[in-house]
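Accompanying notes for the structure given below.
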Amino acid sequence: MRFIDYLDKGASLGADAPCLTMDGRDLSYQDVQRLSYRIARGLDRSTIAPGEKVAILSGNDPLAFACVFGISRAGAVWCPINPRNEAAENKFILDQFDCSLLLFHSDFAAMVEAVRQDLPKLKTLICLDTELPFAPSFDRWLAGLAEDPYQRETIDDLVMIPGTGGTTGKPKGVMLSGRNIEAMTALTLMGYPFKDRPIYLALAPLTHAAGVLCFPIMTLGGRIVIMHHPDIGEFLDLIARYRVTHTFLPPTVIYMLLDHPRLDSTDLGSLQCFWYGAAPISATRLAEALRRIGPMAQLFGQTEAPMMISMMAPEQHYHPDGSIAMERLTSAGRISPLVQAGIMDADGKLLPAGSRGEIVVRGSLVMEGYYKNPEATAEASAHGWHHTGDIGYIDGDGYLFIVDRAKDMIITGGFNVYSIEVENALRAHEAVQDCAVIGLPDDKWGERIVAVVQPRAGQQIDATALAAFVKQQIGSIKTPKQIEVWDDLPRSRVGKVLKPDIRARLADR
């Protein structure tokens with residue numbers, strides 16, 4: 001399936017049903033279909049051939065997301081550009097991914113103008129919302145084009161090239177095929193609750209998880225309510241106004257939601273599935289969310305194997321008697337039905353249940369490779385499995401536990417310590433909002449465990465008392481030798497804590 005097939009499937013269930021909604025205005029399925037026909041014709045008129053790369057640079061916006069389907073109809077390949085990127089990173093992506101045309105919002109006009117002269121492969125610039133001296137408006141670009149059905153064939157199954165959201169080095173282009181997205185969509189539909197026409201609220205960036213979760217929603221003719229700016233008060237208002245059934249937030253935003261004064265007075269009874277993922281979550285705060293919000297559902301994946309390597313549906317958060325299954329809340333759920341996964345040692349040997357090693361996966365969910373980077377592709381697919389870079393284990397009940405990134409393991413006093421285990425212990429403290437644990441060189445220990453913690457609003461943290469709290473949970477070896485309290489933690493543009501930045505800041509001191 002191509003992206004347009006999800007849109008057309010939804011339209012077949014009711015062309016006049018609302019598809020994309022923002023600021024109280026709707027685009028119906030038929031509206032988005034007709035727009036996609038015109039965009040595909042516009043790309044053809046701009047000499048964009050099937051297989052060429054077309055980038056979109058915009059915040060959350062219905063028109064920008066509708067362009068994804070026009071790109072698909074034209075047989076071209078969508079390259080989502082993170083709107084939080086700096087200009088240099090966007091220039092690198094546009095050049096490295098061979099983008100021929102860029103659709104962008106005027107919010108990013110200065111950035112585009114600054115880099116366009118250095119991008120000879122970028123033939124055409126289109127501004128989505130206004131006319132600019134160096135880029136025609138979207139309306140002028142589409143002027144005179146018919147909105148009746150139009151479609152071009154693809155040259156292969158490549159549909160999308162997102163950049164890796166890594167915290168170090170240059171982003172790599174992940175080649176995702178129609179088969180990859182189809183597998184992700186199928187897993188979403190089979191693994192989580194859906195009743196009738198879903199209503200999905202997208203607060204997180206549509207360039208990432210919030211965007212690809214729209215495709216399974218569309219197959220059921222559902223409505224996608226888009227938020228342009230992240231605002232927790234508006235998020236709560238929209239859930240109540242539209243009777244939202246599904247949404248996705250990363251843990252950092254869930255913590256903000258839990259601290260919002262209107263959470264408990266908002267009617268959340270329509271929610272069927274509140275996805276969380278993209279970073280570790282505090283088991284204590286997750287248990288609070290289960291009590292105060294309701295049907296939480298975890299997903300674990302990465303750009304190279306989108307979203308659904310493992311899954312934990314709402315009911316799996318509870319025991320049969322209805323009590324919260326606290327022992328599962330630090331897991332990433334069970335391996336998805338259409339995914340093969342295992343734990344592998346450094347020699348390529350698969351390990352038995354309970355053993356710790358690198359999490360490896362294979363199946364239709366796994367990318368085709370890195371764009372124009374055969375060396376990185378070969379490294380990631382050694383021994384016939386995709387290597388996630390995450391260290392973990394699978395317990396006797398089939399639940400996957402992620403204990404660290406491979407590069408973040410700390411060796412202190414001859415013992416291997418996984419930072420996530422220490423972070424989970426820190427997050428269990430009522431005053432801790434978030435934290436990061438790293439290893440720094442130490443004459444006595446080889447590496448000493450260092451924790452940087454962010455306090456919850458209105459809370460004070462005593463480092464000595466916090467160390468004693470952690471020691472009581474996981475013992476002295478794993479207890480941080482140094483605890484720093486910072487107002488906030490450095491984060492990537494998708495909300496992941498940047499441990500290299502923390503390490504560099506501490507090293508500089």
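The values are calculated or read from the model by the stated rules, or taken from the named source; none is laboratory data. This is a predicted model, so every value here is computed, not measured. We place every Cβ from the backbone using ideal geometry, glycine too, and count neighbours over all the protein chains shown.
Values computed for the structure shown
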| item | result |
| --- | --- |
| Output for the range 404-414, where each listed residue is free of Cβ contacts under 8 Å to residues at least 60 places away in the same chain and farther than 14 Å from residue 481 by Cα | 404, 405, 406, 407, 409, 414 |
| Positions within the range 42-55 being crowded, with 22+ Cβ neighbours inside 10 Å and either in contact with a helix residue (DSSP H, G or I) (Cβ under 8 Å, 6 or more places away or on another chain) or of a type in the set (A, V, I, L, M, F, W, C) (or both), in sequence order | 42, 43, 48, 54, 55 |
| Check on residue 417, free of Cβ contacts under 8 Å to residues at least 60 places away in the same chain and outside the structural domain of residue 162 (by TED's automatic domain parsing) | no |
| Residue in the range 47-54 that is part of a strand (DSSP E or B), among the hydrophobic types (A, V, I, L, M, F, W, C) and in contact (Cβ under 8 Å) with a residue 12 or more places away in the chain present | yes |
| Strands (runs of 3 or more DSSP E) (entirely within the range 329-397) containing at least 1 residues that are of a type in the set (D, E, K, R) and in contact with a strand residue (DSSP E or B) (Cβ under 8 Å, 6 or more places away or on another chain) | 357-362, 386-394 |
| When residues of the range 242-295 are limited to those that are more than 20 Å from the chain's Cα centre (by Cα) and hydroxyl-bearing (Ser, Thr, Tyr), the one farthest from residue 227 (Cα to Cα) | 284 |
| Residues within the range 86-107 that are closer than 14 Å to residue 120 by Cα and in contact with a Ser or Thr (Cβ under 9 Å, 6 or more places away or on another chain), tallied | 3 |
| Test: residue in the range 136-151 that is within 30 Å of residue 298 (Cβ to Cβ) and hydroxyl-bearing (Ser, Thr, Tyr) | no |
| Members of the range 148-169 found to be crowded, with 16+ Cβ neighbours inside 10 Å and farther than 30 Å from residue 496 by Cα, listed by number | 150, 152, 154, 157 |
| Test result for residue 173, at positive phi and among the small types (Gly, Ala, Ser) | no |
| Exclusive hit being over 16 Å from the mean Cα position of the chain (by Cα) and surrounded by fewer than 19 Cβ atoms within 10 Å (Cβ to Cβ), set 144, 191 | 144 |
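A quick yes/no check of all residues on (1) surrounded by fewer than 18 Cβ atoms within 10 Å (Cβ to Cβ); (2) among the polar types (S, T, N, Q):
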{"residue": "4", "(1), (2)": "no, no"}
{"residue": "18", "(1), (2)": "no, no"}
{"residue": "27", "(1), (2)": "no, no"}
{"residue": "40", "(1), (2)": "no, no"}
{"residue": "57", "(1), (2)": "no, no"}
{"residue": "72", "(1), (2)": "no, yes"}
{"residue": "82", "(1), (2)": "no, yes"}
{"residue": "88", "(1), (2)": "yes, no"}
